[in-house]
Every structure is written in structure tokens, then in C-alpha cells.
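One structure is given below, encoded as C-alpha cells.
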Amino acid sequence: MKDLDKGFQADENHEPKENARRDFLKKSSLLTAVALTPGVAVKAAENHLDEKVAAAFEKMPVNIIVNGKPHKLSIEPRVTLLDLLREQLHLTGTKKGCDYGQCGACTVHVDGQRVNSCLTLAMTVDGKKVTSIEGLAKGDELHPMQEAFIKHDGFQCGYCTPGQIMSAVACIREGHANSETEIREYMSGNICRCGAYPNIVNAIQEVKNGGQQV
Amino acid sequence: MKQQAQHTPPFTEGINRVDGIMKVTGAAKYSAEYELPGMTYAVFAISNITKGIITSIDIKAAERAPGVLAVLTHLNAPKVPGYESGKDPSKPPTTGGPLKFFVDNTVKYNGQPIAMVVADSFERATYAASLIKAQYKKEQHETDTEKNKFKAAAPKGGRNGGDYKRGTPDDWKTAAVKVEQEYVVPINVHNPMELSVTLAHWTADDKVTVYAKTQGVKSTQNAIAQAFKLPVENVQVTTKFVGGAFGNALRTWPHEIATVQAAKLVKRPVKTVLTRELQFNTVGYRPYTWQKVSMGASADGKLTGIIHEATAQTSSFEEFTEGTVNMTRFMYACPSVGTVYKITPLDVNTPTWMRGPGEATGAFALESAMDELADKLGIDPIELRIRNHADTDPENGKPFSSKNLKEAYEMGADKIGWSKRKLKPGTLTEDGWLIGYGMGTGVFGAGRGRATVKAALLDSGTLLIQTSVTDIGVGTGTAMTQIASEIFTGIPVKKIKFELGDSSLPPSPTQGGSTITSTVGGAVHDACTQLKEKFQQLIGNGGTDKPDYVKVLKEKNLPQLEVTVTSSGSTEMRNFSSYSYSVHFVKVKVHPKTGVVRVDNVVSVADSGHIVSPKTARSQIIGGAIGGIGMALMEEGIMDHRYGRYVNNNYADYHVPISADIPQIDALFVNKPDYRVNPMGAKGMGEIALIGMSAAVANAVYNATGKRIRELPITPDKLLA
Ligand code: FES
Ligand code: FES
């Protein structure tokens, strides 16, 4: 278990361990299969002890600080940061639009950088700081970008909005908000199917030109 | 109908979106985001053949995979009682019926779900679904509309069936100036940002709660009640926020019924979130449509005859039709018009309405053809439209309830600098780019349906308004709040609470077809007006217009005062034709060497009555314009017909406009109220925001290059060919 603590790495050294785990799972699956009555679609999976053990083997410890709050978690290595936030931490402000890094709805900050959380395995942010839309406002006081989005009506349905705002904040911080054209270019990883782009650009310009701390 | 305000209300900036703070902080809860104890996740295994029979399906490995609770296939899925009785769980657009999942071994389209895995985590369900193996007996499939056009036939039912003819449409053939051209609109996919979601939870043997991505909680409630033979009130549907839909959540789709079915089986909440790929063939799309417009005009530019034909695709099991050719019947004052509409059944899932349904496709052809005609006549395209302006509805002879289209042309032309446009194409350049200006008109029916609204003044000073309508993002809550605040002028906007998206609230129609502001807004207006009257009665004659509601309620010892009002359009409307209009103006730059088209300037003008909520209305028009730009320049669902499968079913390959594609857009409003439609004088604008835009872009591209692209999208390869 010791080397597992370091997190899953697909290098050769870990191969045997992986295989061992697979073998174990295979055996446990077999046990489950015996317990199955044919023709019955429902399987009371939660009662099978072997599977619980298998599940424990499938999980890895990870420490993530989300919006300033440390989380000590045990998760499957295949879990994306997006699904971790939404399904396990119930921080649903971060949205899933594609799951393939194509739309930007899932944009969060990891150690201050904007990333697509659907393309980020949660294991890889071990020890890092994640900021999601829920962590942007200071209590009841909205972040200037959130204010500007409301003022300029930078959305309709609001589904792309958390990603747009996280991207917009990063866009200014990166120094990529010096002109309308530059903003459009550096915000083009965030799709808005409702078509709020001009309003979004105006909101970002206002925050940038207002010189507020982002 | 109550006293109507006959003045033109002031056009102001409008209030901020009432749900804005929730949307910018991540607090807004979309349907997948409800937390229920014991949540489980459903993932589909899909067919990789297009037509045929499943001869065997191996689910053993999936069943054994960790965390799996159930695997449903046609062999073991519990019966859906409503399916058995032959009743369809959702109303099909016309005839036939939607597919039912897991009832037999037939495969009717590529990507059809053949099994559903329910597991205790999304990852586990996804993995288990990948273990399912099926054997098939394949049959020859057909997915190409063009190749199968010979099978096209008039629809058997529905509103769009039947040819239309007035006068002698063939007159176009003998006209002084003629246009006869074919136009193609490919498959467009709604692709809202929010994936389709159904979350079902049986709270008792005969009671189910569903959080669904739907445009109508009531219609979803009915569909589920019917499918599971439950009393309607035993089905609770909640949809507080919708992440865009554009038509793809107008129906209850089979995967939603399957989710409810699975939840019953596993006795735990089941959440189904369709993948982006499945958005392409599970929840509808704008059908591939071939069109031909033949039109003729006298030498002075008066239309003498138009024939508009269209053939669109549908599925093998269900007729889908839309009003593709209908606008040609009433758009221009032409004595002789004929329309023909046909559909071709293919081995695909059923298409559905997508923003500007039918009309957006039809307007591309009609408004392109008008531009071609103007070009042949050597006159300005706006001038051609003005010469053929319909003062009364040529389809039925009725007067229009209101029509300010000429003013809209003028406003837009002024704003975009139409005078800079050259009549001769390909003659204007800027910095090595070819410059062109184009315009196109959009139109959509503006009716008012029936809705029920409850309005209550609470002793906390809050005005609570409730109805079941959903808000797919356009700002319904904001518009309704604005309407209420104009009646209860003494109550601050912050104290007005509009509650929506819940099937237990008084019934409103499904959100679609640009009717909500008129229908629900009309009912909100009537409910608030009656509540105010009730209050006046309470305080007796001589009461002020702005009483201290809280004080009065306290004095009278009342916790609240409420009314529930059902209202619909006036009978007077039968004597009128009522439409909303849009005129889109576009300036494009086309690179002569690469064929790249850049949209440089856009002005969209809406003639849709009084603008109730200016801020959200502006965004709605801009959003529709952008959707239209996507349709014109990039959107195309591409199928490899050899396999009957999409090759671009994701956001990277199916292009939608991104920020870098879109300039600043001017949304202008004629803003003249039409009190015949409803007491606010407002007409819908969701559809007209998009309808006509693709033609405007195509016409601008022609003006820039002299190349007429009649098959969307207008990609560089077509311009260089
Ligand atoms: S969900 Fe991550 S980019 Fe689309
Ligand atoms: S606001 Fe709906 S997708 Fe951007």
C-alpha cells in the first residue's frame, strides 16, 4: 500500500501492482457471479463484501484544498476533478458541457491557473489549491467579474457562466485582456451556446478597465 | 379583458436578471445537481449498427462489474405499463410514435441505446457499459436524404401536411425576371451547453419525483404519468434551471422514460446525463432539408408567382414535420403562390424543432431567392421587399394585428450603413478583404395561449407569483417580474418573487414557439391586475393607488391576499393575423485567397411589439443572431452514410460560434405595442432572433464575392471552388 499512497502513475514499476489488483478483482467478480441468480437484473451489489474490499483497493488517497477548505479523500484514480467536485463534494457550480475539454464549462483554477476540470484527473491535483465558482465571492460580496456579468447580462441560461467567469478572471490575471480582440481570442475556449459573447467581452473590459483587483 | 394601457410604455434599460446572482455564483441548481441519498447513475450502451436485429447481447461482465445494480436490455427490462397498452408516453409531433427503448430486439438508428447500466457511481456505470457486447443481424440502412429523395412523400398527418396553392403559381415561368434555385440546409444540432438530464426517484410504489431537463414540466409530468399509468398528481416534475435547450427538450424522449423505469427497478434515485455524442441522435436535431424556390417578377420588381418546395428527413418510425415553406404563403404580396412539403423516412432518430423551427430553414431559401431576384432586377434588396410588402395577410386576407416591418428595414439599414453597400458584388474592399452587406427577413407567428397564474401578496410585503412554466434561459422570470412590477408600482422589484419550473404549480404551457411572454405574461398581467383590484375593494373607495399593502393586511388580520387566474387571448384575435418580424443586417469580410468569412458587423431589428424586459430581450436577439451565424457559416451534423453514423458528434468537430467569431452586435427594437395580442402589447422574439439570419449572411457573402452559396454552411472550400 505504501507506494500506492504516492498516487497512481502508469510507469513500469507499478505494472505488477496493477495486475495484482486486477487479478483480485477478477476473482471477486467470479464470486459475485456465482451469487447471481440468472435472469435477475438487479444485483444487490452493496452486500458483497469481496467487492467492498476490491473497491477499497481501487481507491487512492488524495488531499485537495477546494476554495480554501482542505479535503482528505479516497477516490478512484479515474475520477476527474470535475466529477469529484460535482458528484462527491457537491460543488455543482462547475458545469459539465462535454467532458472532453471542448467547451470550457468546467473551467476552475488550479493553483491560480485556469484548467478544464473534465480533463484533469483528480489525483493529479493532490496537494494543490482548487478554486471553483463557489470560491470566488467573498461571502455576500460578489467578485467584480460576477458583478460585471450581471450588469452586462453576460449570460442567458447561465450554464456556461461559471466557466466563463473563471476563465475571464484568469484572462485578466494572465494579461490577456488588453483589447477586445485579445479578449475574444483568449475567451474562445469557453463556448456559450446562448450566444452571450458580446456581453461577456463587455463585462471583461469593464473589469479590466476599472482596474479592480481580480 | 381588463382595461388596457393605450400609451406606449417607455423603453428603458430594463432590470437585471432576477436569477443573475444565482447564475454567477454557481448557486443555480440545474436538473443534474440535486443531491439525493443513495444516488445511482445510468449510462447507455449503444448500437453500432444502423438497422437490424440484436441476435444476442452479453451483459454478464457488466453485471459483475463493481458497483453495478442493474443492467436493462430488451430481454430483461421490466415492462412500462403505458407502453403495453399501446399508448405513447409522449405526444409525437405528428403521426407514428417515438421509439421505445428496451421493448424488442430491433435497431432503428445508429447509436440507439441497447442497454442501460445502473451503478453506484458514474465512473463505474461508464466502465460497466463498455463491457456490454452485442451481436447483430444487419440490414441495409439508408441515412442519406439526398439519395433517398425519390422516396419523399407528403406527410400523412399534422399541420404541415398538404400542398398549398393560390392563384396560378406557374405564372413565375412567364415572368420578365426569374429565379429558380435549389437550397440545402444540413442537419443542425441544438447542442445546448447543458447535457440532457433525467433524475428519477420513486418516493412510494406509485409516486415518482423527477428532476428533468425539460421545456415543459407539465408535459413531462403527463408523459410519465401516462407511461407508468399513474395519477398525474403522483408525478412531480421539477425544473428550476435549464442550461439552454433550443427545442431539444420540448418532447419527453424515450431515455427519460427508461430512467424512470430503472429507478423503479433499483429502488434508488437514478440519474441519467446523456453524453455529448448522444446529444446528436437521442434528443432531435434540425433535419436536413432540400428546397427549391422558383419565383418570377415583372420588370418593375413585382412578384407574379412563387413556388416553394421542400423535402426534409424524418425517421422510419415517426413523421416529423415543420413549417418550412409556410412563410412563403404570407410574407410577400404575391398573387400566386404554391408550396409543396415532403418528408423522407430514413434510418435515423426523429428530428425535432430547433430554434426558428422550419421557418429558419425556409427563410434561408426564400430570403436568398429574394436577394437573387433583386440582383437580377438590378435593384436594392430592401427596395424589392418594400415593393412587395404585404399590407394585409395574402394567405387569408386578414389585416395584421400590427406590422412595422418597413420601419424595421429603415432602422437596420441606417444603423449598419447600408448606403455603403455596392449594388454590384465583389467591388468593395478593405485592407485586402472583400466587403459585402446583406440582409434577410424573419417572421414567426405571435399568438397567445392559455395559462394559469397564482398571485399572492404576503404580509411580509412580498408579491409571490406562481406558475409551472420553465425558463430555458431567456429570462422568463425577469420578464414576468417586470410585468408584475409595472402593475404593482409600489412594490420594489426585489420584493417580487416569481416561482416557476414545478409541475405542482398552476399550469402554463411548454416553453417554445415564442409564446411565453405573451401567454404567461398575459396571465401574470391579468392575475396582478385582479389582485390589485381585490386590494382596492378591501381598502374601499378612495384608496390610494399605492397602498401600504403590509399595513392593510395586518389591519384586516389577513396573512395574505391571493388570486388564481386563467387567461388566454381575446376572441378579437381571430380577425387578425399576428406575426413578429425581424430584419437581420450583416457586414462580412471575405478573404479572397483563403475563403475565410469574418462577420464584421451585425444589426438585428425586432418588430415584436412592446419590449417587456429590454435587457434580457437584447440578449435574446443577440443570442439568436449568433445562432443564425453558426447556421450560416459552420454548423453541420455530418454523417458517414456508409455506417449511418455521425463523424462529428462533439463540440470540437461540430462547430458552433465562439467568442473570436462574433463582433459586437446591435439589437434594435421597433418597440410598438400590439395590444390586440395581449395587454402588455408584447409579441414573442425567441424564434425571429434566428430566422432570416443565415440568408442575411449568405447574401452578404454574395455581395462581397459574387459567389452565391446555396448549401449551408458557407465554408471556405465552397467559396474557393
Ligand atoms: S466539460 Fe470540460 S471542457 Fe467541456
Ligand atoms: S449562457 Fe447559456 S450557454 Fe452561455
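With unit charges on the beta carbon (Lys/Arg positive, Asp/Glu negative), name the residue among A:TYR100, A:VAL115, A:LEU84 whose Cα is farthest towards the positive pole of the charge dipole of segment A:62-135.
A:VAL115
Would you calculate the separation in nanometres between label points at B:ARG708 and A:SER74, each defined as 7 Å from the Cα along the Cα-to-beta-carbon direction?
7.1 nm
Could you pull out the pairs from A:LYS72/A:LYS129; B:LYS495/B:LYS532; B:LYS207/B:LYS497; B:LYS151/B:LYS292 whose alpha carbons sit more than 19 Å apart here? Walk me through the intermediate numbers first.
Working: A:LYS72/A:LYS129 13 Å; B:LYS495/B:LYS532 16 Å; B:LYS207/B:LYS497 29 Å; B:LYS151/B:LYS292 17 Å.
Those over the limit are B:LYS207/B:LYS497.
Among DSSP beta bridges whose residues both lie in segment B:275-377, state the antiparallel percentage, nearest 5.
Bridges in segment B:275-377 are about 45 percent antiparallel.
Using modelled amide H (1.01 Å from N, peptide plane; none on Pro or chain starts), what sits under 5 Å from the amide H of B:SER577, excluding residues fewer than 5 places away?
Correct list: B:PHE400, B:SER401.
For B:LYS406, which aspartates and glutamates qualify as cross-link partners when the Cα separation must be under 13 Å and same-chain residues fewer than eight apart are set aside?
Output for B:LYS406: B:GLU383, B:ASP391, B:ASP414, B:ASP607.
Dipole of chain B (Lys/Arg Cβ +1, Asp/Glu Cβ -1, origin at the Cα centre): which of B:GLN466, B:THR25, B:SER619 lies farthest to the positive side?
My answer, from the dipole projection, is B:GLN466.
Considering only C-alpha atoms, what is the centroid distance from segment B:489-527 to segment B:324-341, in Å?
Using only Cα atoms, the two centres lie 35 Å from each other.
In a Debye calculation with equal point scatterers on the alpha-carbon sites of chain B and no solvent, what is log10 I(q)/I(0) at q = 0.09 Å⁻¹?
Log10 I(q)/I(0), no solvent term: -0.83.
Please calculate the 1.4 Å probe accessible area of B:GLU636, with all protein chains present, and give it to the nearest 10 Å².
60 Å²
Could you tell me what percent of the DSSP beta bridges with both partners in chain B are antiparallel, to the nearest 5?
On the way: 94 of 123 bridges.
Looking only at bridges with both residues in chain B, the antiparallel portion is about 75 percent.
Each residue of segment B:284-295 in turn: what ³J(HN,Hα) in whole Hz from Karplus with 6.51, -1.76, 1.60 and θ = phi - 60°, glycine and Pro shown as x?
x, 5, 7, x, 4, 9, 9, 9, 9, 10, 10, 9
Just from its helices, what would the mean residue ellipticity at 222 nm be for chain B, if runs of 4 or more DSSP H residues each count -39500 (n - 2.57) and the sum is divided by every residue, rounded to the nearest 500 deg cm²/dmol?
-7000 deg cm²/dmol
Could you give me the ³J(HN,Hα) list for segment B:566-574, computed from phi with Karplus coefficients 6.51, -1.76, 1.60 and θ = phi - 60°, whole Hz, x at Gly and Pro?
With the stated coefficients, segment B:566-574 comes to 10, 9, 8, x, 7, 5, 4, 4, 4 Hz.
Of all the C-alpha pairs in segment A:124-214, what % are more than 18 Å from each other? Write down the numbers at each step before the final one.
Values: 1650 of 4095 pairs.
Beyond 18 Å sits 40 percent of the P(r) for segment A:124-214.
Modelled label-to-label distance, B:PHE150 and B:THR55, 7 Å Cα→beta-carbon offset: nm?
3.1 nm
What FRET efficiency comes out for the pair B:ARG574/A:ARG173, r = Cβ-Cβ distance, R0 = 41 Å, nearest 0.05?
Numbers: r = 60 Å, r/R0 = 1.46.
Using R0 = 41 Å, I get an efficiency of 0.10.
Can you run the Rg to Rh ratio on segment B:448-568? Use alpha carbon positions and the Kirkwood inverse-distance Rh.
Details: Rg = 14.1 Å, Rh = 14.4 Å.
A ratio of 0.98.
Would you calculate the volume per residue, in Å³, of the smallest convex hull containing every Cα atom of segment A:62-135? Could the numbers behind the result be given before it?
Working: hull volume 5.3 nm³, N = 74.
It comes to 72 Å³ per residue, whole-number rounded.
For segment B:663-677, just list the computed ³J(HN,Hα) in residue order, Karplus coefficients 6.51, -1.76 and 1.60, θ = phi - 60°, integers in Hz, with x standing in for Gly and Pro.
Result, rounded to whole Hz: x, 5, 10, 8, 9, 10, 10, 5, 6, 10, x, 10, 6, 6, 7.
Check which residues have an amide H placed less than 5 Å from B:SER196's amide H, if you skip close sequence neighbours.
HN-HN under 5 Å from B:SER196: B:LEU274.
Please report the antiparallel percentage of the DSSP beta bridges confined to the protein assembly as shown, to the nearest 5.
For the protein assembly as shown, the DSSP antiparallel bridge percentage is about 80.
Mind scanning B:LYS546/B:LYS615; B:LYS147/B:LYS718; B:LYS424/B:LYS672 and naming the pairs with a C-alpha gap bigger than 29 Å? Write out the running numbers ahead of the final one.
Working: B:LYS546/B:LYS615 26 Å; B:LYS147/B:LYS718 21 Å; B:LYS424/B:LYS672 35 Å.
Result: B:LYS424/B:LYS672 exceed 29 Å.
Per Stokes-Einstein, at 10 °C and 1.306 mPa s, what whole-number D in µm² s⁻¹ belongs to the protein assembly as shown, with the Kirkwood radius over Cα pairs as the hydrodynamic radius? Please report the intermediate quantities before stating the final value.
Numbers: Rh = 29.2 Å.
This corresponds to a translational diffusion coefficient of 54 µm²/s.
Using only alpha carbon positions, build the gyration tensor of segment B:612-719, then give the equivalent ellipsoid semi-axes as the square roots of 5 times its eigenvalues, largest first, whole angstrom.
Details: eigenvalues 203, 62, 36 Å².
One finds semi-axes of 32, 18, 13 Å for segment B:612-719.
Go through B:GLY522, B:VAL602, B:PRO509 and say which Cα lies farthest out towards the positive end of the charge dipole of segment B:503-621; charges sit on Cβ, +1 for Lys and Arg, -1 for Asp and Glu.
So the residue furthest toward the plus end is B:VAL602.
Among the listed pairs B:LYS454/B:LYS534; B:LYS108/B:LYS138; B:LYS229/B:LYS454; B:LYS79/B:LYS264, give every one whose C-alpha distance is greater than 20 Å.
Over 20 Å Cα-Cα: B:LYS229/B:LYS454.
The values are calculated or read from the model by the stated rules, or taken from the named source; none is laboratory data. Small disclaimer: the values here were computed from a predicted structure and weren't measured. Neighbour counts are summed over all protein chains in view; Cβ atoms, including those assigned to glycine, are modelled from backbone coordinates with ideal geometry. Just the protein is used for accessible areas: all its heavy atoms, side chains included, with ligands, DNA and RNA removed. Shrake-Rupley method; radii C 1.70, N 1.55, O 1.52, S 1.80 Å.
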